[in-house]
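Below: one structure, written as structure tokens.
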Amino acid sequence: MANWNDPQPTRTGFGASPSLDQAAGRASYDLGLRRYMLSIYNYMASGVLLSGIVALVFASSGAAAAVFATPLRWLLVLAPLGFVMAMSFGLNRMQTSTLRLLFWGFSVAMGLSLSSIFLVYTGPSIASTFFATAAAFAGLSLVGYTTKKNLSGMGTFLIMGVWGLLAAMLINAFWPSQGLGLAISLLGVLIFAGLTAYDTQRLKETYYHVAGTDYAGKVVVMGALSLYLDFINMFTFLLQFLGDRR
């Protein structure tokens, strides 16, 4: 383990410098943290890219239009939720390699589900919204990584907001309202923008507890899943504002 976790950080020896030891330990910790966060972002970005490719190919082939015209569309819509539940509830029992496979399976399933947006919105508006979301995500994640403010209180409020958002979406599904739909889209963008900053800070702070353990690999995969969901949800809600319908 690095010296930052040494239970006797003040001991000295012949030719030893406590300040240099502490500085070296801190540098080792910072290097490990950067590698850990970079791994999370690499998995998250790769998952989003895979989903995008699957969605584009599935929609371009005409299969998406055929499937979404049948009851099988519910299988595509609900399949990503099944992967998320399996990963969440099986986290402690599964090996890291299994979690990785499930993450890639989730990304493919999410791509099949997202293919429906190509049936509703034009390609250029989808692309412009994607890049706008990517820029916003990068900025918000940077805020979460660098801020000294504790965002845990905001995170609790935002998670409660997600449940309220789901309830509002359910109500709007049975009693459609254009005004409620716009309000849901606006709240969705704001909630998942806040969750991007919160989850980034949470994952950064988690590194202290998992550094050097076998559990770190699992945290990387689940962290990528959290940020993936923040990105995709922010993208889909923003698309309802910026997207040009066919």
On C-alpha positions alone, give me the angle between the axis of helix 96-114 and the longest principal axis of the chain, in degrees, nearest 10. 30
Post the alpha-carbon centroid distance, the range 137-161 to the range 204-234, in whole angstrom. 15
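FYI, it's all coordinate maths here, none of it is from the lab. Please read these numbers as outputs of a predicted model, since none were measured by experiment.
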